[in-house]
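Report on the structure given below.
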Amino acid sequence: MATTSKDRPSPAAGLPVQTQDTAALLRELVAHLRQNRTQLREEWARRITRAQLLTAMTEAEIFAEATSVYDNYVEALETGTFEALQAYARNLSERIIPRGVETHEVVGIVLLLRDVLARSLFAKYHEDFDKLNRILDAYEPAANRIANTVAVGFVQERERIIRQQQEAIRELSTPVLQVRERLLILPIIGVIDPQRARQLTEQLLRAIRTNRAKVVVIDITGVAAMDSNVANHLVQTVEASRLLGATVIVTGLSPEIAQTLVTIGVDLSEMATVGDLQGGIEEAERLLGYKVLPLEELAPKT
Amino acid sequence: MEVPILTQGQYLIASIQSALTDADLSQLREALIERVGRFRARGVIVDVTALDVMDSFAVRTLRDIAHMARLRGAETVIVGIQPEVAFAMVQLGLTLKGVATALDLEEGLTFLDGVARERVERGQGPFDRGPGHRDRA
C-alpha cells in the first residue's frame, strides 16, 4: 500500500491512503486549533454576544462555557469519538435548559464555532488553495457531526424533561379525596387523554373499595374540553362505580362542555349532574343522610 | 359446582365461591327463584366477590335473577363486584341496568333493610311494590 501511494500520489490512490491523509490533516488542524485556542475562543465568545445568543447567561458564563465547548470540540476532532462530547452536551443541556436557553441558540453557537474555525483555516492556508481544500475536506464532515451531536443531545435532553414533567403531571393530577365518611371527591384538572382517563377510573374504583365509599363527586371544573371518547369514558366510570355500589355525582360541567356533549349526542341520562362542587357535596350529604347546620341553630333556644 | 344458598331472616344469600360454568349459573338461577317462594324471602343477595371474570352470560343471568325474583316479590342486590371486573364489564357494555349493586355483603344487607324501611315509611308492607315505586338505579 505504501508503495502504491508513493507511485501514484493522486487523490484516486484509494481509500486507506485518503484516510491516512485525512488523519494527518486533522492532526495538523488540531495542532493549529490548540495553538490559537485563546484567540479563537475569544473571537467565538464575541460573536455569540454580537449575535445576541444565550442572552439568559452572563458574559463570564458564556466565556466559561465557550472554553469547555471549544476544548471538547477540538478533542472530538482529534479523537474522532463522540461519546465524551455527547456526555458533555447532555450535561450542558441539563444546566442551561432550566435557564431558558432555546434550541436555536444552541444550534446557533455550535454553527458559529464552526464558522470561526473555518475562517481561521482560510486565514492560515489562503496561500495554498489546494491544501486549504484538503483541510476543509477533513474538517467539514467532522465539524458537521459535532454540530449534529450537540444539537441532538440538547433536543433529547429537552424531550426527556418533557416526558418527566408529563409523568409528574399525570401522578399529581389524580388525587381521590375522602371528605366525609363514605364520601369521596375526585377533582379532575387539565386535559384528559384516554390513558389518563383509564388511570383515573382504575384509581377511583380502587379507592371506592378501600374507603368503602357510597357516594363519589367527580368535579370537572378544571377540564377545559371534552370529546366523545372522554365523555363515554366518564359514563363508563359512573357505571363501573355503580357496580361497586357507589353513586356518582358529576359537577362543574362548563357551558362549553355542556354544549359539546349535547351537540355530539353523548347519552348522559344515566349520570347525576349538579352545577358546582358545593351543590354536589350537598347532594352527596343528603344521599348519605347528613345535614349541615350552623352552630347557633343547634344551640338550645333561651 | 353448586352455589350454597343461605337464609338469613327474610333474605337469601348466595355466595359464589369459584368460577361458574353456564350450567352452574342456570342452576343457581333456578334454585334461587324457587327458594324465594319456599322461604317467603323478601330479599336476595348474590355475592360475587370471588369472581375475577364476568362474561355476558353471567351478567345476563344475574340480571334475570333480579327481574325474576322481583316478580316473585323479592328485591335483589349484587354485591362484591371487584374494581377490575367492574371496569371490564362497562367496557363490554355489561352494566346490569336496573339491578341494585352494593360494595359487600354488609352493604347489601343495609340496602335491603333500607328498601324495607322506606316502604314501611310510605305506609306499605315492607316489600309491597306500591304505585310510584322507582327502581333504585
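The values are calculated or read from the model by the stated rules, or taken from the named source; none is laboratory data. Predicted model, so just to flag it, every value in this text is computed and none were measured. Here the Cβ positions follow ideal geometry from the backbone for every residue, glycine too, while neighbour counts run over all protein chains shown.
The table for this structure:
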item	result
Residue selected from the stretch A:19-40 under the condition β-branched (Val, Ile, Thr) and under 15 Å from A:LEU113 (Cα atoms), by the criterion surrounded by the fewest Cβ atoms within 10 Å (Cβ to Cβ)	A:THR38
Residue within the stretch A:253-260 that is part of a helix (DSSP H, G or I) and within 14 Å of chain B (Cβ to nearest Cβ) present	no
Checklist (1) within 14 Å of chain B (Cβ to nearest Cβ); (2) touching a residue at least 40 places away in the same chain (Cβ under 8 Å); (3) in a loop (DSSP other than H, G, I, E, B) applied to A:ILE192, failing item	(1)
Flag if A:LEU54 is buried (at least 18 other Cβ atoms within 10 Å of the Cβ) and either without any contact (Cβ under 8 Å) to a residue 40 or more places away in the chain or more than 18 Å from A:PHE154 (Cα to Cα) (or both)	no
B:VAL85 part of a helix (DSSP H, G or I), at pLDDT below 95 and closer than 30 Å to A:GLN203 by Cβ	yes
The stretch B:47-103, residues that are small (Gly, Ala, Ser) and either under 16 Å from B:THR21 (Cα atoms) or touching a Cys at 6+ places or on another chain (Cβ under 7 Å) (or both)	B:ALA50, B:SER56, B:ALA58
Some residue of the stretch A:261-281 being modelled with pLDDT of 85 or more, closer than 30 Å to B:LEU105 by Cα, away from chain B (no Cβ under 14 Å) and assigned to a helix (DSSP H, G or I)	yes
Sole residue being surrounded by fewer than 18 Cβ atoms within 10 Å (Cβ to Cβ), under 14 Å from the mean Cα position of the chain (by Cα) and modelled with pLDDT of 85 or more, chosen from A:VAL155, A:VAL107	A:VAL155
Residues of the stretch A:208-223 that turn out to be surrounded by fewer than 22 Cβ atoms within 10 Å (Cβ to Cβ), in a helix (DSSP H, G or I) and within 9 Å of chain B (Cβ to nearest Cβ), as a count	1
Total residues in the stretch A:230-260, condition under 30 Å from B:ASP47 (Cβ atoms) and aliphatic (A, V, I, L, M)	10
Any hit, the stretch B:73-81, residues being under 22 Å from B:GLN8 (Cβ atoms), more than 10 Å from chain A (Cβ to nearest Cβ) and either part of a loop (DSSP other than H, G, I, E, B) or in contact with an Asp or Glu (Cβ under 8 Å, 6 or more places away or on another chain) (or both)	yes
Tally of residues being facing chain A (nearest Cβ under 8 Å), of a type in the set (A, V, I, L, M) and farther than 20 Å from B:ARG29 by Cα across the stretch B:90-108	2
Looking only at the stretch B:88-107, and only at residues there that are in a helix (DSSP H, G or I) and charged (D, E, K, R), the one that is surrounded by the most Cβ atoms within 10 Å (Cβ to Cβ)	B:GLU107
Filter pass, A:LEU85 being modelled with pLDDT of 85 or more and either surrounded by 16 or more Cβ atoms within 10 Å (Cβ to Cβ) or aromatic (Phe, Trp, Tyr) (or both)	no
Single residue of A:LEU92, A:LEU117 found to be out of contact with any Ser or Thr (no Cβ under 6 Å at 6 or more places or on another chain), crowded, with 17+ Cβ neighbours inside 10 Å and under 18 Å from A:LEU29 (Cα atoms)	A:LEU117
So A:ALA197, is it crowded, with 16+ Cβ neighbours inside 10 Å and out of contact with any Cys (no Cβ under 8 Å at 6 or more places or on another chain)	yes
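Residue-wise test of (1) out of contact with any strand residue (DSSP E or B) (no Cβ under 7 Å at 6 or more places or on another chain); (2) β-branched (Val, Ile, Thr).
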{"residue": "A:THR263", "(1), (2)": "yes, yes"}
{"residue": "A:LEU268", "(1), (2)": "yes, no"}
{"residue": "A:MET271", "(1), (2)": "no, no"}
{"residue": "A:LEU277", "(1), (2)": "no, no"}
{"residue": "A:GLU282", "(1), (2)": "yes, no"}
{"residue": "A:ARG286", "(1), (2)": "yes, no"}
{"residue": "A:GLY289", "(1), (2)": "yes, no"}
{"residue": "A:PRO294", "(1), (2)": "yes, no"}
{"residue": "A:PRO300", "(1), (2)": "yes, no"}
